Structures are given as C-alpha cells and as structure tokens.
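Presented below is the structure to which this report refers.
The values are calculated or read from the model by the stated rules, or taken from the named source; none is laboratory data. Since we're looking at a predicted model, the values are computed, not measured. Please note: Cβ atoms are built from the backbone with ideal geometry, for glycine as well, and neighbour counts cover all protein chains shown. Surface areas here come from the heavy atoms of the whole protein model, side chains and all, with no ligands, DNA or RNA. Shrake-Rupley method; radii C 1.70, N 1.55, O 1.52, S 1.80 Å.
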Amino acid sequence: MSGHGVPRVSAADDTRDAQKEQKKIEEYRTIVDLVNAKIAEREYTLEVLSLTEKVLKKNPEYYTVWNYRRLILQFHIETALTNNHDASISQDQPSDGRSPAQDTIHNLLTWDLSFIIPLLMQFPKCYWIWKYRLWLLSRATDLLPASWPKSLWNKELELVSKMLARDERNFHGWGYRRTIIASLEKIAQEGGDGESNMVEQEFEYTTRMIKSNLSNFSAWHNRSKLIPRLLDERGANNEDRRDMLDSEFSLIQEAMTDPDNQSVFFYHQFLMSTLSPTNPRHAAIALDLTNTDRVAIYEREIENIKELLEDFDDCKLIYQILLQYTKEYLDFEAGNKTVTTAEMREWLAQLRKLDFLRNGRWNDVERDLGL
Amino acid sequence: MSKPTPAESCSPPSQPAQALPDELHLLVEQHVQYVRSLDTRKDEYEYWLTEHLRLNGLYWGLTAVHLLGQPDALPRREVIDFVFSCVHENGGFGAAPGHDTHMLYTVSAVQIIATLDAFDELEERVDGGRKTVGKFIASLQERDTGTFAGDEWGETDTRFLYGALNALSLLHLLHLVDMDKAVEHIQACENFDGGYGTGPGAESHAGQVFTCLAALSIAGRLDLVDRDRLGGWLSDRQLPNGGLNGRPEKKEDVCYSWWVGSSLAMIDRLHWIDSNKLAKFILQSQDPDRGGITDRPGDMVDVYHTVFGLAGLSLIKHPGLMEVDPV
Ligand SMILES: [Zn+2]
C-alpha cells in the first residue's frame, strides 16, 4: 500500500519544481502509452519485454504491466513448444533428454527470475513482484524436467533466506518460504529427487533464527506451526511427544528472562494452548495428557511466571498472562492449590493501574473470574 | 512530568509525550476539500504512479465524503461513468481504463455501485449486468480449497475471499459460491492466538483478521470465533499513544483503527480498547493545512488513511460522522 511512512512536506516548503515534475510525468506517460499500444497490437517481442522493464522500474505496482510480461513470455514459450514439435518430427531429440524448446523456456524463465531480483530487493513489500516470481516458477515446474525447477526452487530458498535475514518480519517472505518448501516437497513426492519432507530442516531453520535473535516473532510463529507436523512425520510415539513438550518448555524457560520480549511470551502461550483437551491434532504436541498432567503443568508454569514478578513487578504482560492461565487452570477443576483469590485480585488491580487503556477488558476478566 | 503508563513495553518510554493542541477537532471541510482535489492533481507525478489504485481510491474517497455527511461532494454521474469505463467483457473491473481485471477493483466497483445505488445503470451498461459481474467473482474461487484468487494468474489470499463474499452479498448472488468450503478455509487460517493470516500457516495479522471475521459474518458463522482469545489479541494492538498496530512489535498506524476497531466491534469487544485515546491519535494524524489523514502524525496524507481514519472515528461514535457498518 502506498503512503506508509512518507514524511509530510508543508505546502509552504513544497519546493517541487513544476517543470521537472512535468518532464517526469511526460517521460513516464510516453513509455506507458507505448507499452500499452504494443500490447494492444499483440506485439509480443523481446523488445516490448524490455520496454515493460522500464515501466516496472519506475512503478512496480503497475500490475497490468506484470501481466504483459506474462503474455509475452507465454507467447515465446508456446512458440518454442510448437517449433520443437515441428522439429521433432524430422529429427531426433538431443541425447541428454532436454529438448531445444525446454532449453529456450529455461533460459527465458531464469533470465526473468534474475531480472526481478534487484526490484524485489528495492520493493520487498510489493505484492505483485512476489506473485510474478511465483508464476515464473510454476511455469518452470509445469514445463521442465524436475531437476531444473528443483534447482530453481532451491535458489529461491537461498534468496528468501537472504530477504528474511534483512527483514525477519516480512510476512510476504515467510509465506513465500512456505510455498517454496511445499513445491520442493511436491517435486520430490512426484518422483524427482530431493527431500519429500523438509519439515525437520525448516524446524532447524527456526531454531537458528531464534538463537540469533530471541525476539524473532515470526520464527517463533513458524515453529509453533511446524511442531505438530514434525511429530507426525517422525511417527513420534506418546513418549517422544511428551519429551518434545518438555524440551520446548525448557527452551522457553531459559529465554523468559526479559518480559520486554513479547515473542518469548507468545511462544509460551502457544505451548500452553497445546494442552487443551479440545485441540485438534494439528494444534497439539502431547496426545495422551491426563487432567492430572495438565494441572501439574499449569501449576509449574504459573509458579515460574509468578517468580518473574520478583524482578519485574511493573510488567503488565506478566499479570495478564497469570490471569489468563489461572482462568484456564480453574477450568480444569484443579482444586486450585496454586492461586488464591487475593492474588488474582492483586494482579487485576495491578493491571488496572499499569494498563488502563484496556480497562474494559479487565472489567470483563473480573466478571468472568468472579472476583 | 508524571511517568506515562507503559502498556506494551515494560520500560518507561524515553521520549516525553508530545505537547497537544488544547482541542483536537475533526476538520470536516478540509477533508472534503482534500477528497475533491484528488482528481485534479494531474500535474503531480504521484498521480500517475498511483493509477493502479484509481478505482479503490475512488471508493475510499466516496466513502470518506459519505462519512463526513456530504455524499454529493463527488459528482455522481462522473463517478459512475468512471466506474463503467473500467469494466471488461468478462464482468471484471480493472483499476483504471485499460488496466486488467482483478478481484480488488471488481469489489471496489461493486461497492461504489452499491453506495450510489447504481444497480439500474449496471444492468444498462454491462452486458448481463449483475449476473456477469457475479460470475466473474465466483469463477475465482478454488474448488478444492474454497479460497479465492485475485485474478486468472492465481495466488490466493483471504483478502480476496472476503472481497468476493462482500461483493456477492451486495449483488445478492452469494449462492454462486461454495460457502461451506470458504468457511472451512478461513478456519484453516486460524492461529492459536485467535487471529488469522493470509493463508494456512501464516502469522496473525490485523488486516487478515478483519477479512476473515467479515467473511465469517457474511457467512453467518461468527459462532466459530474464540471471541475472548481474539479480542485479547486485538486489544493488545493498542499502543500507549492510543494508535493501533497490525501485529505485535510493530508501529502504530491509522489504517488499523479500522481493521482492528471493526474486528473488535464484530465480536462485541470494542470496549476492550480506549476509544478516547484512539480518537486523539487519529485526530493528531490530520493535515490541518491541506486536509486528509496520514498513517501517523507528521507523515504525508493519502486517501486510504483518510477513509480508514474517518471510519475508525465513526466506529467509536466520534461526533460529526455518519455511522459505519463494521462489515
Ligand atoms: Zn496504514
């Protein structure tokens, strides 16, 4: 979306040179009109392809021009396939199994994939560029022998890792990464080589991301999505699953030293949410927890978080989480040995003091907990 | 200076609160003037660079003047002529004449037609009228997953799913899509924090929460939502200065006043944030000289933040604005 974070220039300070502005507009409109005219005449040549480049460098949001590129490439792909068909009637296929058409298509697609990298780096949040890239890759996947798209998708994985190292919260990037992984897995499943299941590798990736920066919120999120699948893929038994839950709790316990780090508490809340008996399998870790197990975990974790109050008694997030967990804990009809009503009232009072923006919410919490 | 209350962060903010003017007013006249000026800026390069936003820009501007109680500030005839200059034979609309069809612009076109009650014109000026447009939208639903693509080139997003249901409900053509599948898809996008992402596996994002809730509301399936959990996540979006962000640990931005605010309203939790502080933040983001509202105080205004700032104010019943429907 345009217009995020552009500093305001007051009318008086607006020193834009009207003549210069006019010249820029004329240049832009001339090239846009030219491209539009050429496409209207179905002039799908490589010259027109490079004209579209000129427009997109000025304005990568011009989605129709991305579609023009698709039309032109599509035309060249079809031409290559037709010529190849004619050629294959008269002569033999090359011995390496790759037809001249496939070579042409591969060249067109890889050339275009590299053309857009600088644009992507410059406009990492431009939806249309990501979308166009995926289209190129899907053409490669549909039209070329599996080893080629496989190496293209692997290059994408490197590219997106680079992008995520630059901006770890770019959700286009994370979504793109999930698509790359799914595509590589699909190629492998359909008989190409490679890993038909990359969930271990992706899990390791989130571990690395988290170790380099504990407040990488998106990496924690991705980890929360990967664990249930990882366990299924490993064929984990009940004991393995309980071990996983324990090791994740200890990982997060070590990280919970700084309540300013919301990501860590987010992940803790995820782990607690997996305890719910009503969770579907894709949102669960341990599958054979009894109510006694749940109560024990809740008591342990509530105690741990209470201890944080000794050092951080002005942190609203801690009070908020304590009240949330207590409510869930009481729902297990735990007999409540861990939290007193006086404590809950104290936490609520602290919340009202530290976080009066959400007073309406704390009123509802008070009512729901019967305080 | 008293210590400001920390809400998101546990350390006190390092900057003192900015001095405010004694009274912050909604600058009704300036905003109307700003919206009216949008189509007269052909001498600005930016005008040409934003052509791909023209039709939704028009919808945002039109909604803005309606909220400001001056629905006639944009000439009806010209608006309608422009809308129909963007239609293609297949019933889809592009962003401007000559631009390709896409769900986003088709939805804006239908919204403008509904706002101006121009359904008769739709029948007169488009071959097959409402039904052609409805068919175009419905054709973008993916049969196996239930979600929607933006155009013939694929790529799905919950934004398109919501847009499709919204437009089809305005056209009274919801029966053209597989609603159960669409609802199933939304459920697959839900995260443990109660929020929703752009697709299954994606991180919760306030814009996507809005699209999924509004879609569920159109489908009559808000019963599927964990209101307390999601309400908690949404209300945590309010930052100490009153503004709302779109995801944890991100900056506040006026447009989330709408995405977060209307989501809270749909699940009856709007009272979980501080409306007065939100109003103050939006009013501070006005440009007092030239009208319009920006993403946050001091930035350049645009019509997108103008309409969503106004809609946010309307939602919390700020005086001087018409009431808005959260969906
Ligand atoms: Zn914004």
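When the accessible area of chain B is split by element with a 1.4 Å probe, what percent falls to carbon and sulfur?
Details: 6310 of 12760 Å².
That share works out to 49 percent.
At 1.4 Å probe size, with the rest of the protein present, what percent of the exposed accessible area of segment A:119-278 is carbon and sulfur atoms?
The nonpolar share, carbon plus sulfur, comes to 48 percent.
What residues of segment B:291-322 lie in the reach of a label at B:Gln33, counting those whose backbone N is under 16 Å from a point 7 Å from the Cα along Cα→Cβ?
B:291-293, B:301
Checking an interface number: how much accessible area is buried between B and A, summed over both chains, with a 1.4 Å probe, in Å² rounded to 100?
6200 Å²
Within the set A:Lys58/B:Lys135; A:Lys58/B:Lys280; A:Lys316/B:Lys277; B:Lys181/B:Lys250; A:Lys125/B:Lys251, which residue pairs have Cα atoms separated by over 27 Å?
A:Lys58/B:Lys135; A:Lys58/B:Lys280; B:Lys181/B:Lys250
Can you compute the helix-only [θ] at 222 nm over chain B? Use -39500 (n - 2.57) per DSSP H run of at least 4 residues, normalise by all residues, nearest 500 deg cm²/dmol. Before the final figure, lay out each step's value.
Numbers: 14 runs with 149 residues, N = 327.
After summing the helix terms and dividing by residue count, I get -13500 deg cm²/dmol.
Given the DSSP H assignment, sum -39500 (n - 2.57) over each helix run of at least 4 residues in chain A and divide by its residue total; what's the result at 222 nm in deg cm²/dmol, nearest 500? Please list the in-between numbers first.
Details: 15 runs with 263 residues, N = 371.
After summing the helix terms and dividing by the residues of chain A, the value is -24000 deg cm²/dmol.
Using θ = phi - 60° and the Karplus curve 6.51 cos²θ - 1.76 cosθ + 1.60, what whole-Hz ³J(HN,Hα) does each residue of segment B:46-62 get, with Gly and Pro shown as x?
3, 4, 6, 6, 10, 4, 5, 10, 4, 5, 6, x, 5, 4, 4, x, 4
Fully extended, how many nm does the chain gain between A:Lys155 and A:Glu27 (0.36 nm per residue separation, minus their Cα-Cα distance)?
This chain segment gains 42.5 nm when fully extended.
Search the structure for amide H atoms under 5 Å from the amide H of B:Asp302, placed 1.01 Å from N in the peptide plane, and list their residues when 5 or more places away or on another chain.
B:Ile293
Report the normalised scattering of segment B:32-149 as log10 I(q)/I(0) at q = 0.23 Å⁻¹, calculated by the Debye formula with identical scatterers on the alpha carbons.
-1.32
Per residue, how many Å² of accessible area does the protein assembly as shown show with a 1.4 Å probe? All intermediate terms of the calculation are to be shown ahead of the outcome.
Details: 30420 Å² over 698 residues.
Solvent-accessible surface per residue comes out at 44 Å².
Using a Förster distance of 25 Å, how high is the FRET efficiency between B:Asp325 and B:Arg77, based on the Cβ-Cβ distance and rounded to 0.05?
0.45
Got a sec to turn the phi values of segment A:143-160 into Karplus ³J(HN,Hα) couplings, 6.51 cos²θ - 1.76 cosθ + 1.60 with θ = phi - 60°, whole Hz, x for Gly and Pro?
10, 10, x, 3, 5, 6, x, 4, 6, 5, 5, 5, 5, 4, 4, 5, 4, 5
Taking all protein chains together and a probe of 1.4 Å, list B:Met103, A:Met121 from the most accessible to the least accessible.
Most to least solvent-accessible, the answer reads A:Met121, B:Met103.
Which residues make up the longest stretch of chain A clear of GluC sites (Glu not before Pro) that lie in a DSSP loop with no more than 16 other Cβ atoms within 10 Å, not counting the sites?
The segment A:44-189 is the longest one with no such site.
Which trypsin sites (Lys or Arg not before Pro) does segment A:241-324 hold that lie in a coil by DSSP with at most 13 other beta carbons within 10 Å?
Sites meeting the loop and neighbour criteria: none at all.
Give a residue-ordered list of calculated ³J(HN,Hα) values for segment B:153-167 (Karplus: 6.51 cos²θ - 1.76 cosθ + 1.60, θ = phi - 60°; whole Hz; x for Gly, Pro).
Per residue, the Karplus-derived 3J(HN,Hα) values read 8, x, 6, 10, 6, 4, 4, 6, 4, 4, x, 4, 5, 4, 5 Hz.
Any idea of B:Asp178's accessible area? Nearest 10 Å², probe 1.4 Å.
60 Å²
With labels modelled as points extended 7 Å from the Cα through the Cβ direction, what inter-label distance (nm, one decimal) is found for A:Phe312 paired with B:Glu124?
Once both label points are built, they end up 6.5 nm from each other.
Work out how much length A:Lys20 to A:Arg166 would gain on full extension: take 0.36 nm times their residue separation and subtract the Cα-Cα distance, in nm to one decimal.
Working it through step by step, the gained length comes to 49.1 nm.
Specify whether the C-alpha gyration tensor of chain B places it in the rounded, prolate or oblate class, a ≥ b ≥ c being the square roots of the eigenvalues: rounded for a/c under 1.5, otherwise prolate if a/b is larger than b/c and oblate if not.
Oblate.
By its C-alpha gyration tensor, with a ≥ b ≥ c as the square roots of the eigenvalues, how is the protein assembly as shown shaped: rounded for a/c under 1.5, else prolate for a/b larger than b/c, else oblate?
oblate
What distance in nm lies between label points placed 7 Å from Cα along the C-beta direction at B:Arg221 and A:Ala342?
4.9 nm
Got a sec? Which residues of segment A:155-175 lose 10 Å² or more of accessible surface with every protein chain in place, vs. that chain alone, 1.4 Å probe?
By number: A:Arg169, A:Phe171.
Can you list the residues in segment A:282-322 whose accessible area drops by at least 10 Å² when all protein chains are present, compared with the chain alone? Use a 1.4 Å probe, heavy atoms only.
By number: A:Asp314, A:Cys315, A:Lys316, A:Gln320.
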